[in-house]
Amino acid sequence: LAALTGKATKSTTEEMGSLFATGYGIYKGFYDDMSDLEFGEMFSAGIATAVKNYKTSGSEMASAISALGATATNANVPLEEQLAIMGQLQTTMSGSEAATKYKSFLSAGEKLGLTFLDTNNQLLSMPDILTELKSKYGETIDAVEKRELKEAFGTDEAVALIDLLYNNVETLDSGIQDLQGSMKNGISVTEEMAEAINNTPEQKFQVLKQQIHNNVEELGNGLLP
């Protein structure tokens, strides 16, 4: 799975092997009804779909997940939502920077007089939180309102996240739904992406060079005596 995901996301087997180990530690408890294999296939599909949808790479998603750690999972944020948020942020920044902004955001909200929790005291989804903020501030946030957000959330990173996602609620919501659908279908999306890369002229030429090298090596071994 790590090798397949590495091929699909233009990263390496080693990077994805490390990411799968990190992801297992962070997320598996959230999906304890799944077998290890089922979880691995779902995780692979999530990473591959995020890379495809947000034009990022497996390496950047690995950086984002490593930097975010268990912060969002401990707040009961589903994996598909985490991937969609960090993927969308990566359209303008690196994976680790996206994770830093997301971590900062998860730490506050009460000072605004808004509740970011549902009736079961669970954190609302990011699209719902942004909708709550829009109900307070309207379609745009001016400089004074940004100062108020900074006082409430405590960091410029959290305000920057709100600023970047504020007018993209529908895009974020559809991204979450798309990821959720892909992750239910196992590794089919990963296999399609890997196959597409394998079928490029550049990749076919690389395989041809490897085959020629292997044949020359075999011939040389035969002539050694």
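Odds and ends about this structure:
- Charge dipole (debye, nearest 20) of the chain; +1 at Cβ of Lys and Arg, -1 at Cβ of Asp and Glu: 420 debye
- Top positive-direction residue, dipole computed over the stretch 125-225 with Cβ charges, set LEU223, GLY186, PHE205: LEU223
- Counting only residues at least eight positions apart within a chain, or on another chain, the aspartates and glutamates with an alpha carbon under 17 Å from that of LYS101 are GLU60, GLU81, GLU151, ASP156, GLU157, ASP163.
- Kirkwood hydrodynamic radius over Cα pairs of the chain, then Stokes diffusion coefficient at 37 °C and 0.692 mPa s, in µm²/s: 171 µm²/s
- From phi via Karplus (6.51, -1.76, 1.60), per-residue ³J(HN,Hα) for the stretch 205-215 in Hz, x at Gly/Pro: 5, 4, 5, 4, 4, 5, 5, 4, 4, 4, 5
- Sorting the segments 212-224, 147-159 by their residues' average number of neighbouring beta-carbon atoms within 10 angstrom, most packed first, yields 147-159, 212-224.
- Dividing the Cα radius of gyration of the stretch 76-170 by 2.2 N^0.38 Å, with N the residue count, gives 1.01.
- Accessible area per residue (1.4 Å probe, heavy atoms of protein chains only) ranks GLU170, GLU38 as GLU170, GLU38, with the largest value leading.
- Carbon plus sulfur fraction of accessible area for the stretch 95-225, probe 1.4 Å, in percent: 49 percent
- With coordinates expressed along the principal axes, the C-alpha atoms belonging to the stretch 117-191 extend over 48, 28, 22 Å, beginning with the largest.
- The candidates LYS52, LYS28, arranged from most to least accessible area with a 1.4 Å probe in the full protein assembly, appear as LYS52, LYS28.
- Entry note, the stretch 76-182: relative contact order of 39 percent, from Cα contacts under 8 Å with a spacing of 6+ residues.
- A Stokes-Einstein calculation at 20 °C with viscosity 1.002 mPa s, built on the Kirkwood radius of the stretch 1-130 over Cα pairs, returns a diffusion coefficient of 142 µm²/s.
The values are calculated or read from the model by the stated rules, or taken from the named source; none is laboratory data. Model, not experiment: these values are computed from the prediction. Positions of Cβ are backbone-derived with ideal geometry, glycine not excepted, and every protein chain shown enters the neighbour counts. Surface areas here come from the heavy atoms of the whole protein model, side chains and all, with no ligands, DNA or RNA. Shrake-Rupley method; radii C 1.70, N 1.55, O 1.52, S 1.80 Å.
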